[in-house]
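Step one of this worksheet: look at the structure below.
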Amino acid sequence: MKLNIDAQKLYIMYCVDMMSAQQIADKICVCKHTILDHLKKNGIKTRDNLTALKMAMRRTDVRGKLREQALKQFSDPVKKNKHAVANALAHRTESSRSNARIGTLRALSDPDKLQNIRNGLKKYHKDNVGNTTLGNMQKEIQNRPEVKYKKSIASTAYQNRPDVIETSRKRGKKLWTNSNYAKRVLTGCRQSPNHVELKLLALLNNILPGEYEYTGNGKTPVGSRHPDFTGINNNKNVIELYGRKWHADPDVYSSNDIARYGKTACEIWDMDSKRIQELRDHGKKVLIIWQKEMKDINKLNQKIMEFHKNDDC
């Protein structure tokens, strides 16, 4: 198609005035592809998609349209929540974290950039000394429901990542091998036994006065373990009280059933067996009492007395 514009004017409009091919096409009433074909015929290098996008973003009309679309989208609560979730997940990916880490390291390794950061921080602190208005503004923003919601979404997405779960598990396992840490945590979160443990403690004091004490608060650690009850005169005797849900009662749960904290009954039984084995490795004689056994007091009394008298576990 022949244009009513010469190559020089086309070059000025495209390269000097920085008009897009679509803008030129709209001005002279032709299609965009016709303009692109004539640019190539006249040896004028066209812009790639990224450069065209950057230039389009500088235009006031394009930015106005994008702003209107954004306002329309965020006026819908459903779309707003979807955008918040997608944004939180995108910023928690390993690639985004890696890119941010690389950018930070590059900035800190460049002496000029590092000095600029320091100067900026000094200026910020100098300008805001005693300025409570800025602090109140930041607090007000942080306390907004939409900001709290976005932070909770981001936090949940981060905590549910498999690598974060595995790292937390390993860190917690390492901490619990420290007897001082375990004792401090157990003492702080559970100052006294629960109602089932109190009931068993009363039963022990009734049939064997002064023989057993409650040690589930970390009072008498055994390696990295903390048995529920330990013998006073013979501290080799320990008693473990198993709850129905916490220890996945085999009469209630099958091996693949989820019992607590997303763990299957099989996984809980495996942890319990390792716990008992560690106690035995430290020379302890272990008696396991299930919560359901406390319904028959006479039978439970007989079981405890046999355990206390026998030397074999």
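Considering each of M19, M13 in turn, give the residue that is modelled with pLDDT of 75 or more, part of a helix (DSSP H, G or I), surrounded by 14 or more Cβ atoms within 10 Å (Cβ to Cβ) and hydrophobic (A, V, I, L, M, F, W, C). None of the others qualify; the one that does is M13.
Listed by position, the strands (runs of 3 or more DSSP E) contained in the stretch 187-271 that have at least 1 residues being without any contact (Cβ under 8 Å) to a residue 24 or more places away in the chain are 212-214, 229-231, 258-260.
For the subset of the stretch 283-313 comprising residues that are surrounded by fewer than 12 Cβ atoms within 10 Å (Cβ to Cβ) and either among the charged types (D, E, K, R) or in contact (Cβ under 8 Å) with a residue 12 or more places away in the chain (or both), which member is nearest to W246 (Cα to Cα)? Give the steps one after another, and end with the answer.
Filtering the stretch 283-313 down to residues surrounded by fewer than 12 Cβ atoms within 10 Å (Cβ to Cβ) leaves 283, 295-296, 298-299, 306, 309-312.
Remaining after also requiring either among the charged types (D, E, K, R) or in contact (Cβ under 8 Å) with a residue 12 or more places away in the chain (or both): 283, 295-296, 299, 306, 309, 311-312.
Values: G283: 25, K295: 18, D296: 21, K299: 23, E306: 26, K309: 29, D311: 29, D312: 27 Å.
That would be K295.
Taking the condition within 32 Å of the chain's Cα centre (by Cα) and not assigned by TED's automatic domain parsing to the domain that holds Q291, does V164 pass?
Numbers: within 32 Å of the chain's Cα centre (by Cα): yes; not assigned by TED's automatic domain parsing to the domain that holds Q291: yes.
Taking the combined requirement at face value, the residue satisfies it.
The values are calculated or read from the model by the stated rules, or taken from the named source; none is laboratory data. The model shown is predicted, which means the values in this text are computed figures rather than measured ones. Please note: Cβ atoms are built from the backbone with ideal geometry, for glycine as well, and neighbour counts cover all protein chains shown.
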